[in-house]
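Have a look at the structure below, then the notes.
The values are calculated or read from the model by the stated rules, or taken from the named source; none is laboratory data. Treat the numbers as computed from the prediction; the structure is a model and nothing was measured. Cβ: placed from backbone, ideal geometry, glycine included. Neighbour counts: every protein chain shown.
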């Protein structure tokens, strides 16, 4: 039987004595849940594990066990580097060092179809959440999963499936969630916190987003400037769920939220109807993601970033004219 990508990666992973586990910038429930669930489980086997992320843990995810350990720490001599839920080096942020990443074994565990396979060993699977992959990995090696690790992994699955509402939610996700519940992970409490908890700044941010929203056939786009975001003390979690909410409006096929950073770059979060693949657009613009949930970072200012994005999105919503219009 041929050795799978998962088995090759796991053999190297479990042979290591120390690891730096990295979550992606602007961390969400899946990258943190996967990093924490993996890290806590590896520690139970006696491995030294450090947890890292370039950006702070958002408010609604600070309840996760050991979340306070996730810090913007640099490589410090660990035997391997493991990236979770990261599709390319750009998503590592300031923790990426080309020299280190080219000399230290990098193990990539990810579920984005746009993954660039930047590691020495890459396991990329088309499943709803990377946390589901971590559960599979641990189960394949008969690793005992603690309540804390189970809580983190279930948070990741809930976050990326929006509590099993996304179009890519599969039976495997429901089975994984049930297994984690059986280990004691509290589904209702996790879902309520991950999906509904917001910082108070979210009120001002969403109001501004609604005011700035522009709509054209099939597309709704809104922008948030850096000066405004600073003025209301917004953090990364202030816009959580916004692009998904906009995508649910009648007649909307694609939604996009453009958020300007202090350095002038523009973070783009997109959602789409099931028949539209926005991952292609994200990849064309240097980003990545899933067919119905993708993103990228564009050069500013906001106005030019908006026009560049719309130029890519419009062809996806263009429809042929009805026959009667063509006749006339």
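Of note:
- Residue in the stretch 162-171 that is surrounded by fewer than 22 Cβ atoms within 10 Å (Cβ to Cβ) and at pLDDT 95 or above present: no
- Residue match in the stretch 173-195 (condition: within 30 Å of residue 301 (Cα to Cα) and surrounded by fewer than 18 Cβ atoms within 10 Å (Cβ to Cβ)): no
- Only one of the numbered conditions (1) surrounded by 15 or more Cβ atoms within 10 Å (Cβ to Cβ); (2) at negative phi is violated by residue 218, and that is (2).
- Test: residue in the stretch 60-74 that is in contact with a helix residue (DSSP H, G or I) (Cβ under 6 Å, 6 or more places away or on another chain), modelled with pLDDT of 95 or more and in a strand (DSSP E or B): no
- Residues satisfying the stated conditions in the stretch 120-144, i.e. outside any helix (DSSP H, G or I), surrounded by fewer than 22 Cβ atoms within 10 Å (Cβ to Cβ) and either under 13 Å from the mean Cα position of the chain (by Cα) or on the phi < 0 side of the Ramachandran plot (or both): 120, 121, 122, 124, 125, 126, 127, 141, 143, 144
- Counting the residues of the stretch 263-272 that are at negative phi and surrounded by fewer than 16 Cβ atoms within 10 Å (Cβ to Cβ) gives 2.
- Qualifying residue in the stretch 102-109 (condition: farther than 30 Å from residue 174 by Cα and in a helix (DSSP H, G or I)): yes
- Against the numbered list (1) assigned to a loop (DSSP other than H, G, I, E, B); (2) surrounded by 15 or more Cβ atoms within 10 Å (Cβ to Cβ); (3) not assigned by TED's automatic domain parsing to the domain that holds residue 306, residue 234 comes up short only at (3).
- Residue in the stretch 261-272 that is touching a strand residue (DSSP E or B) at 6+ places or on another chain (Cβ under 7 Å), more than 26 Å from residue 116 (Cβ to Cβ) and not assigned by TED's automatic domain parsing to the domain that holds residue 169 present: no
- Only a single item in (1) without any contact (Cβ under 8 Å) to a residue 24 or more places away in the chain; (2) over 19 Å from residue 249 (Cα atoms) is not met by residue 181, and it is number (1).
- Residues located in the stretch 197-210, provided they are in a helix (DSSP H, G or I) and touching a residue at least 12 places away in the same chain (Cβ under 8 Å): 201, 202, 204, 205, 206, 208, 209, 210
- Residue in the stretch 223-231 that is assigned to a loop (DSSP other than H, G, I, E, B) and surrounded by 23 or more Cβ atoms within 10 Å (Cβ to Cβ) present: no
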